[in-house]
Amino acid sequence: MKAYKFVAFTGVLVPAIAAAQGAQQQEKRLNIIHIMSDDHSYQTISAYDHPISRIARTPNIDRIADEGLRFDRAYVENSLSTPSRACLMTGLYSHQNGQRNLGPGIDSTLTFLPEILRGAGYETAMIGKWHMQCEPKGFDFFYVLNGQGAYYNTAFKSHNSHGQYIQETGYVTNQITQHTLEFLEQRDTTKPFCLFVHHKAPHRNWMPDLDHLGLYEDEVFPLPETLYDDYSTRGSAIRLQKIDIRDHMDLDRDLKVRDTAKVKNYFKMNRSQLRKWDEFYAPRNEKFRSMGLEGDELYEWKYQNYIKEYVRCIKSVDESVGEILDYLEANGLMDNTVIVYTSDQGFYMGEHGLYDKRFMYEEAFRTPLILRYPEGVRRGISTDVMVQNLDFAPTYLDIAGIEKPDYMEGCSFLPVVLKNGKEPSGWRDYLYYHYYEYTPLLRISKMDGVFDKRFKLIHFYGEDGTYDEFYDLKKDPTETHNAIDSPRYSRDIKRLKARLSRFREDLKVDEF
Ligand code: CA
């Protein structure tokens, strides 16, 4: 009461005192940087030590892992761009936030994560791919792409462009880095910040920066064990899909075999960019045509060139991470900033003969996740605790000292970080997955499913048939032996089916 009287009496000083106290409190609050690329597979991050990334290394992303925690069991709830972004912003499953597919869907009346953080005193920024049809909201600073944006000379809508997309010359990954550094440079240093850096790369059609065109050209990337998967034992979905390298990867568009002079306004590139582009692709294409490849030889050429294009795009993403880390180091921000590197979902690098994502098979269901916490935790370790993209919103709120709203479905994984990767008591035993986007173009069946870290039950439904698949990832890590009819797994199948039913009931899932 005494203090109250004092404050009331010296009314003029109140804002100053409050501001000073607020600033002290905020000083202790950690900054958050969420770097998320689009379709970046864990197989192409060298911290995950995969045969591809042993050749195409990512030293800057590895810096985060070397000083942080690598999650080996990070998953998404719907392996697709827009739903993944909606999940990040709302902490809700696709059917709860409305964003089940690409295109419209998001319930923009929901409170987004940055709105909560901003309300609690954080400065918030979003740079890069937004990919939802509602306006970016809750951000003090933003530069967002129009839908997918373009690899070259893309346009950005920003916090001060009055709703207009303004075209800028350059390569998209570098442009996103530039706007990120602009935010860091001009931010309000009296506030903690939460910064989302969302790269377009390495999304299809995998166009590298001009500086990286010939990179890895002479390398031969190892073939995945399941490149020649014949899909025996599996149901109709994987047979009917149109995302396989052999038949559905386009030589012209995806692998740049087409003569650029024959295409009007070739991917928005300008003349000087095209000149440099052709210096690399024209002789490569001439050589390709002269070889007259067919059958498996053509298939493997496609695989090799797919991987090369993809990891060339990753090279720029990795350099971007390096520039951001260098800035943080040079400006004394490493000790009070949580740095996260992740992707909106995983991606097939030829496993099962596929590119793309969407299926619940491991490489698309999983996503890379690496987190560097400033101090007080062990460095350079990994964890197999199961986390999901539903957990980002609760985790970032937890880091900011804000209680998670009841409606959010995920759990903060900050305790996993603070316990050096150990599983907190009462942690989840199962994950729920649901993919909705059946289109004639890609023809990937709708599916939901449940996973307990060893066993996976996938329920396919819709136009191409209703049936289940079951995998034991311990015995069958490449998921080529569907064991749904195997009597030896009958107890586990029954258990996972019961858990799947419970998820559907608890979450009020309305189709399956
Ligand atoms: Ca994506």
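The values are calculated or read from the model by the stated rules, or taken from the named source; none is laboratory data. From a predicted model like this one, the values you see are computed outputs, not experimental measurements. As a convention, Cβ positions derive from the backbone with ideal geometry for all residues, glycine included, and neighbour counts pool all protein chains shown. Protein only, heavy atoms only, side chains kept; ligands, DNA and RNA dropped before computing areas. Shrake-Rupley method; radii C 1.70, N 1.55, O 1.52, S 1.80 Å.
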Residues located in the range 188-212, provided they are away from the ligand (no atom under 16 Å from the Cβ) and in a loop (DSSP other than H, G, I, E, B): Asp188, Thr189, Thr190, Lys191, Pro192, Pro208, Asp209
Whichever residue in the range 62-72 is of a type outside the set (A, V, I, L, M, F, W, C) and in a helix (DSSP H, G or I) and, among such residues, is most open to solvent (accessible area, probe 1.4 Å): Asp66
Where Arg70 falls short, out of the listed (1) within 16 Å of the ligand (Cβ to nearest atom); (2) touching a strand residue (DSSP E or B) at 6+ places or on another chain (Cβ under 9 Å); (3) within 25 Å of Asp452 (Cβ to Cβ); (4) not β-branched (Val, Ile, Thr): (1)
Among (1) outside any helix (DSSP H, G or I); (2) away from the ligand (no atom under 16 Å from the Cβ); (3) under 20 Å from Arg504 (Cα atoms) - the single one Val377 does not satisfy: (3)
Residue, farthest from the ligand (Cβ to nearest atom), within the range 73-88, restricted to residues that are in a loop (DSSP other than H, G, I, E, B) and open to solvent by less than 10 Å² (accessible area, probe 1.4 Å): Glu77
Cross-chain or 6+ apart pairs with Cβ under 6 Å, the range 337-355 first and farther than 21 Å from Pro192 by Cα and away from the ligand (no atom under 16 Å from the Cβ), then open to solvent by 10 Å² or more (accessible area, probe 1.4 Å) and part of a loop (DSSP other than H, G, I, E, B): Gly350/Pro224; Glu351/Pro224; Glu351/Thr226; His352/Thr226; His352/Asp229; Gly353/Asp229
Given (1) open to solvent by less than 30 Å² (accessible area, probe 1.4 Å); (2) in contact (Cβ under 8 Å) with a residue 60 or more places away in the chain, number of the condition Leu210 does not satisfy: (1)
Residues within the range 32-59 that are open to solvent by 10 Å² or more (accessible area, probe 1.4 Å) and either of a type in the set (Phe, Trp, Tyr) or over 20 Å from Ser382 (Cβ atoms) (or both), tallied: 3
Evaluation of Lys191 against (1) open to solvent by less than 60 Å² (accessible area, probe 1.4 Å); (2) in contact with a strand residue (DSSP E or B) (Cβ under 6 Å, 6 or more places away or on another chain) (one fails), failing number: (1)
Only listed residue being in contact with a Gly (Cβ under 7 Å, 6 or more places away or on another chain) and open to solvent by less than 40 Å² (accessible area, probe 1.4 Å), chosen from Gly91, Gly149: Gly91
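Out of the range 379-391, which residues are open to solvent by 10 Å² or more (accessible area, probe 1.4 Å) and on the phi < 0 side of the Ramachandran plot? Full working, then the answer.
If we filter the range 379-391 for residues that are open to solvent by 10 Å² or more (accessible area, probe 1.4 Å), which is where we start, we get 379-382, 384.
Once the filter is applied, which keeps residues that are open to solvent by 10 Å² or more (accessible area, probe 1.4 Å) and on the phi < 0 side of the Ramachandran plot, the range 379-391 yields Arg379, Ile381, Ser382, Asp384.
Among the residues of the range 413-439, how many are crowded, with 21+ Cβ neighbours inside 10 Å and assigned to a loop (DSSP other than H, G, I, E, B)?
Kept after step one, since they are crowded, with 21+ Cβ neighbours inside 10 Å, are these residues of the range 413-439: 413, 416-417, 431-435.
If we keep only those that are assigned to a loop (DSSP other than H, G, I, E, B) as well, we get 413.
Here the count works out to 1.
Looking at the structure I just gave you, is Arg100 of a type in the set (Lys, Arg), within 16 Å of the ligand (Cβ to nearest atom) and farther than 11 Å from Asn389 by Cα? Explain how you work it out, then say what you get.
Values: of a type in the set (Lys, Arg): yes; within 16 Å of the ligand (Cβ to nearest atom): yes; farther than 11 Å from Asn389 by Cα: yes.
The answer is yes for Arg100.
Please indicate, with yes or no, whether at least one residue in the range 117-135 is among the basic types (Lys, Arg) and over 18 Å from Phe392 (Cβ atoms). Break it down into steps so the answer makes sense when it comes.
Quick first cut of the range 117-135, residues among the basic types (Lys, Arg) only: 118, 129.
From what's left, over 18 Å from Phe392 (Cβ atoms): none.
Scanning the range 117-135 turns up no residue that is among the basic types (Lys, Arg) and over 18 Å from Phe392 (Cβ atoms).
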Complete set of residues in the range 45-67 that are within 30 Å of Ser445 (Cβ to Cβ), away from the ligand (no atom under 16 Å from the Cβ) and under 16 Å from the mean Cα position of the chain (by Cα): Tyr48
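Test Ser232 against the stated conditions and say whether it is of a type in the set (Ser, Thr, Tyr) and open to solvent by less than 30 Å² (accessible area, probe 1.4 Å).
Working: of a type in the set (Ser, Thr, Tyr): yes; open to solvent by less than 30 Å² (accessible area, probe 1.4 Å): no.
So Ser232 does not fit the description; no.
Hey, can you tell me all the residues within the range 165-183 that are in a helix (DSSP H, G or I) and either crowded, with 19+ Cβ neighbours inside 10 Å or outside the structural domain of Lys315 (by TED's automatic domain parsing) (or both)? Please lay out each step first, then the result.
Within the range 165-183, the first condition is being in a helix (DSSP H, G or I), and the residues that meet it are 172-183.
Those that are in a helix (DSSP H, G or I) and either crowded, with 19+ Cβ neighbours inside 10 Å or outside the structural domain of Lys315 (by TED's automatic domain parsing) (or both): Val172, Thr173, Gln175, Ile176, Thr177, His179, Thr180, Phe183.
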From the options His131, His162, residue that is open to solvent by 50 Å² or more (accessible area, probe 1.4 Å), in the same structural domain as Asp335 (by TED's automatic domain parsing) and at positive phi: His162
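Looking at the range 323-352 only, could you name the residues that are small (Gly, Ala, Ser) and buried (at least 24 other Cβ atoms within 10 Å of the Cβ)?
Here is the first cut: in the range 323-352, the residues small (Gly, Ala, Ser) are 330, 332, 343, 346, 350.
Once the filter is applied, which keeps residues that are small (Gly, Ala, Ser) and buried (at least 24 other Cβ atoms within 10 Å of the Cβ), the range 323-352 yields Ser343, Gly346, Gly350.
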